[in-house]
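Chemist: Just passing along the structure, written as structure tokens.
The values are calculated or read from the model by the stated rules, or taken from the named source; none is laboratory data. Treat the numbers as computed from the prediction; the structure is a model and nothing was measured. With ideal geometry, Cβ positions are generated from the backbone for all residues, glycine too; neighbour counts draw on all protein chains shown.
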Ligand SMILES: [Zn+2]
Ligand SMILES: [Zn+2]
């Protein structure tokens, strides 16, 4: 008999599912990959076969212009990977198409969360708590100082700034995959139906979300606008464009940024952000600890961020845990 869980092996460049010879979110090209979601630190082009949800595959096709070897799996569908291993994709609540992957072999159940959050998000299916033996969790915001406020509060700040500055525009820095669409959808939910202006780099992903049923209202490109048309408006751009020449075409922009890191004042100052919005697509400290308690695995493996504090929390609450040292996970997507 083989040792328990010897079939799943964390290696520096990904998690190797040995009997099926397949990798989860590998950081280099492999013959067979399971991909949790479309962010660049998890999804890479060039794999022989890529197994992911249909939305993640569409995102990968858009970003890497390739769909070779794409094998779609719906949420809740179980597939056989060979070697007596099966995989089931479960919603992770992180971005469109994002999945936790449940792997089963010889009666043992392992879940790899990828990135996830528990806060509601109108642009993707909510995280499903699923029992397992080993729970491999991300820990991007794995420190007690990281608490994300309800998004309605942050959207309220954004709308207030707009009302108070009718002759300016509010320029919101937001990652092109996930954050931008979530901010726009939450603005719509808060009753803001005016045109939202987009940086050109946002357009294709917003359209992809709409094709997957996430309605974003009237979106237009900044490049098609006269400067005065954008007074009193909200403009969404990638964070890299905030302090770029590009922003000179905007009328007196007030710079905002939607990120979990905006909890850290120094980070906001560094980027010249006047209106920090603490909006994250990752679980905060409370969501991480609550999720581990609810899933209640035999063992928790922690990766992808600040492992130490969460490891300590597990020990103090009598839970077995270990930190994994995977390389290549930089948050594109905080
Ligand atoms: Zn991500
Ligand atoms: Zn990530």
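Chemist: Could you please let me know if residue 51 is within 16 Å of ligand 1 (Cβ to nearest atom), in contact with a strand residue (DSSP E or B) (Cβ under 8 Å, 6 or more places away or on another chain), within 19 Å of residue 113 (Cβ to Cβ) and assigned to a strand (DSSP E or B)?
Modeler: no
Chemist: If I ask for residues that are in contact with a strand residue (DSSP E or B) (Cβ under 6 Å, 6 or more places away or on another chain) and closer than 14 Å to residue 140 by Cβ, which ones from segment 280-322 would you list?
Modeler: Correct list: 302, 304, 305, 306, 307, 310.
Chemist: In addition: Can you say whether residue 279 is away from ligand 2 (no atom under 15 Å from the Cβ), within 18 Å of the chain's Cα centre (by Cα), in contact (Cβ under 8 Å) with a residue 24 or more places away in the chain and surrounded by 24 or more Cβ atoms within 10 Å (Cβ to Cβ), as far as the supplied structure shows?
Modeler: Judged against the criteria, residue 279 is a match.
Chemist: Counting residues that are within 16 Å of ligand 2 (Cβ to nearest atom), which strands (runs of 3 or more DSSP E) fully inside segment 125-220 reach at least 1?
Modeler: 134-139
Chemist: Which residues, counting only those in segment 13-32, are outside any loop (DSSP other than H, G, I, E, B), at pLDDT 95 or above and either touching a helix residue (DSSP H, G or I) at 6+ places or on another chain (Cβ under 8 Å) or within 16 Å of ligand 1 (Cβ to nearest atom) (or both)?
Modeler: 15, 24, 32
Chemist: Six or more apart or on different chains, Cβ atoms under 9 Å: show the pairs whose first residue is in segment 95-112 and under 12 Å from residue 130 (Cα atoms) and away from ligand 2 (no atom under 16 Å from the Cβ) and whose second is at pLDDT below 95 and not in a strand (DSSP E or B).
Modeler: Cβ pairs passing all conditions: 110/5.
Chemist: Would you confirm, using the coordinates I've provided, whether residue 242 is in contact (Cβ under 8 Å) with a residue 12 or more places away in the chain, in contact with a strand residue (DSSP E or B) (Cβ under 6 Å, 6 or more places away or on another chain), under 27 Å from residue 159 (Cα atoms) and surrounded by 19 or more Cβ atoms within 10 Å (Cβ to Cβ)?
Modeler: yes
Listed here are the residues, each with its yes/no results for (1) more than 16 Å from ligand 1 (Cβ to nearest atom); (2) loosely packed, with under 15 Cβ neighbours inside 10 Å; (3) on the phi < 0 side of the Ramachandran plot; (4) under 19 Å from the mean Cα position of the chain (by Cα).
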residue	(1), (2), (3), (4)
67	yes, yes, yes, no
81	yes, no, yes, no
100	no, no, yes, yes
106	yes, yes, no, no
111	yes, no, yes, yes
116	no, no, yes, yes
119	no, no, yes, yes
140	no, no, yes, yes
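Chemist: For segment 246-275, which residues satisfy the criterion of being in a helix (DSSP H, G or I), under 19 Å from residue 149 (Cβ atoms) and touching a residue at least 60 places away in the same chain (Cβ under 8 Å)?
Modeler: 260, 261, 263
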